[in-house]
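The values are calculated or read from the model by the stated rules, or taken from the named source; none is laboratory data. As the structure is a prediction and not an experimental result, all values here were calculated from the model. Every residue, glycine among them, receives a Cβ derived from its backbone with ideal geometry; neighbour counts consider all protein chains shown. Just the protein is used for accessible areas: all its heavy atoms, side chains included, with ligands, DNA and RNA removed. Shrake-Rupley method; radii C 1.70, N 1.55, O 1.52, S 1.80 Å.
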Amino acid sequence: MVAKRYFIFVNCVAVIGVLVGCVSGYQAHGPVGLGKPISEDQVRAWNIDIGPTGAGLPTGSGTVAAGEKLYQQQCASCHGDKGQGGPANRLVGGGALNTDKQVKTVGSFWPYPTTIFDYIRRAMPHQAPQSLTNDQVYAATAYILYLNKIISADQVIDAKTLPLVKMPNRDGFIPVEK
Amino acid sequence: MSKKDVFSKRRDFLKSSVAVGVSVGGAVSAHSSPLKNQDNGFLEVDPWTKTQGSGFVNPPYGLPSKYEKNVVRLLPSPAPTFLTGSRTPLQSLHGIITPNGLVFERHHAGVPDINPDLHKLVIHGLVDRPMVFTMDDIVRFPSESRIYFLECSGNSAAELKKASNQTVQQIHGLVSCCEWTGVRLSTILQECGVQSNAKWALAEGADGAAMTRSIPMSKLMDDALLVYAQNGEMLRAEQGYPLRLFLPGYEGNMSIKWLRRIKLGAEPWQTREETSAYTDLRADGKASQFTFSMEVKSVITQPSGMMKLKSKGFYEISGFAWSGNGKIRRVEVSTNGGKSWNDAVLQEPVMDKSLVRFRFPWVWDGAPATLMSRAVDSSGEVQPTMDAVIKAKSANTFYHNNAIQPWRVAANGEVTNGR
């Protein structure tokens, strides 16, 4: 680890060396003026990422009941009518992970509830990504959590409640960074 | 052994390689070249020497010879509902560069059709000046070209538990090597003014998966490239046209294709691809996360699975070695299943985080043999055996399998997966 830190330090020195212009003649000393400024408001349509603390979660909300209806229409054909899987991944159940026959699902493996919202909003449904409203994404998220017995049938999911949901495998990840 | 004997035997060996290409491609091809000349040992002037060749037989963008039509990427068979990738025919490649049409693919929502005039890259988050760049802007920046390998972290995964595949393409075909051209990401980041609390960045694609990974700023400020060209031409659509991130030595999925956005932040985002996928499950059920580097690895491609040695005698054992942690320092080859090892020759130039071609002369005595290669990189890491990988990471793990691949040569010359 010490050696690795030293390595990164040496690389930083090398990069700084380039930046101050001691290597190739046309390496920029500072900004060269290409590109245009853009405001965070102008980025809004692309700025869809959600952090693990819930940063970025939009207004809106969803219920388990609304989620079930949406799920049966838009998700069940690939993921199974109860999330048991089909052409696409199983979403529910899975059991123990300390076996070579483990099944990784949202319920058994995913550590953060915010990732469910983020992934559905950016990539689902498969044939029409980014077509759901925020209310629909909240509802689908609620239904998948309910199918996994992580929330109750009457719980409403929104920007305040979602980050508070404790996923069963929340402590199952060891950051290594190598 | 006369030089002529050696040549004819090597030719047989190459023929057997072509045959593998046929079986892998799934098509049957009969070579139509007249073999009559070789029958009586006397050469004749060939018909193609006694006439003018055809005009420009190729379209303006040239294609390989029709006799090479079976050297192609391998699609999964049977085709899955969601087609996710294809594999490089490592057994048919020469040198270290993967031709653009043979570079492996891995997609998370197919290949988008992007007009480069409409493509934009946004850099925002913890920067002083959020900026948007067109492709015209990006190609005006100071550029550089580097030869780097690209490997999917799921490469060779099936072999962790059992020998489930047969050819080197099926088992290890999720690695390729190109000359990549683009701009240092650090150069473009300084247009935006990186704030001191930016420790991570989210890179996002413009594809239907809006594929995202969190990347440490230290890597982005080190050797990360914004790439728009590969092997001298603009990126192929399936490699991220018109713009991809390239993180040398890191698992392939982090080099986000069709790159549209980089957002700087203080912590990783915990995206689906860095939690539920691309993490390494351990024996105790915990998963190692952010295992970015592709570790030291090598594989023999000549001869390899499903080839057949037609006679005893000389063969050149050859293959690839690479490491995400630096240069390849040494490759050893064993022809007796690991009982003894000898140094292979490394083809110069040996470059950082590039495929390296190694070669080892071998005279096959006709007895059963097990061929293995073992690479060592500049950080001193030694490529492990499969048993060592399973012991260190557990049989639960899937990604980052860099184990030694044994190829078993039977007395009849048939080469099979020795795992």
Please specify each residue of region B:352-365 satisfying the condition of being assigned to a loop (DSSP other than H, G, I, E, B) and open to solvent by 50 Å² or more (accessible area, probe 1.4 Å). B:D352, B:D365
Do you know which of the residues in region B:175-205 that are open to solvent by 10 Å² or more (accessible area, probe 1.4 Å) and closer than 30 Å to B:S298 by Cβ is farthest from the other protein chains (Cβ to nearest Cβ)? B:E179
Determine the pairs where a residue that is free of Cβ contacts under 8 Å to residues at least 60 places away in the same chain and at the interface with chain A (Cβ under 7 Å from one of its Cβ atoms), located within region B:285-298, has a partner that is in a loop (DSSP other than H, G, I, E, B) and of a type in the set (F, W, Y) with Cβ atoms under 9 Å apart, the partner being 6 or more residues away or on another chain. B:A287/A:F109; B:Q289/B:Y278
Provide a single number: the residues in region B:390-417 that are at pLDDT below 95 and either farther than 23 Å from A:L97 by Cβ or more than 19 Å from the chain's Cα centre (by Cα) (or both). 8
Go through the residues of region B:136-156 one by one and say whether even a single one is among the basic types (K, R), under 30 Å from B:I390 (Cβ atoms) and within 11 Å of another protein chain (Cβ to nearest Cβ). no
One residue from B:E267, B:E238, B:E233 being open to solvent by 10 Å² or more (accessible area, probe 1.4 Å), at the interface with another protein chain (Cβ under 8 Å from one of its Cβ atoms) and in contact (Cβ under 8 Å) with a residue 60 or more places away in the chain: B:E267
What is the one condition in (1) buried (at least 18 other Cβ atoms within 10 Å of the Cβ); (2) within 16 Å of the chain's Cα centre (by Cα) that A:L147 does not satisfy? (2)
Restrict the check to region B:301-308 and report whether at least one residue is modelled with pLDDT of 95 or more, farther than 19 Å from B:V382 by Cβ, under 18 Å from the mean Cα position of the chain (by Cα) and open to solvent by 10 Å² or more (accessible area, probe 1.4 Å). yes
Breaking point among (1) aromatic (F, W, Y); (2) touching an Asp or Glu at 6+ places or on another chain (Cβ under 7 Å); (3) open to solvent by 10 Å² or more (accessible area, probe 1.4 Å), for A:Y138: (3)
Could you give every pair whose Cβ atoms fall below 8 Å, whose first residue belongs to region A:165-178 and is polar (S, T, N, Q), and whose second residue is in a loop (DSSP other than H, G, I, E, B), counting only separations of at least 6 or pairs across chains? A:N169/A:L97; A:N169/A:S108; A:N169/A:F109; A:N169/A:W110; A:N169/A:P111
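Looking only at helices (runs of 4 or more DSSP H) that fall completely inside region A:30-124, which ones have 1 or more residues that are within 11 Å of another protein chain (Cβ to nearest Cβ), within 18 Å of the chain's Cα centre (by Cα) and exposed (fewer than 15 other Cβ atoms within 10 Å of the Cβ)? So that I can check it myself, show each step before the final result.
Working: elements: A:64-74, A:76-79, A:113-123.
Here the list is empty.
Would you confirm whether or not region B:146-162 contains a residue that is out of contact with any Ser or Thr (no Cβ under 9 Å at 6 or more places or on another chain) and open to solvent by 30 Å² or more (accessible area, probe 1.4 Å)? Write out each step before concluding.
Let us first name the residues in region B:146-162 that are out of contact with any Ser or Thr (no Cβ under 9 Å at 6 or more places or on another chain), namely B:152, B:154-156, B:159, B:161-162.
Checking which are open to solvent by 30 Å² or more (accessible area, probe 1.4 Å) leaves us with B:161-162.
So far as region B:146-162 goes, yes, one or more of its residues are out of contact with any Ser or Thr (no Cβ under 9 Å at 6 or more places or on another chain) and open to solvent by 30 Å² or more (accessible area, probe 1.4 Å).
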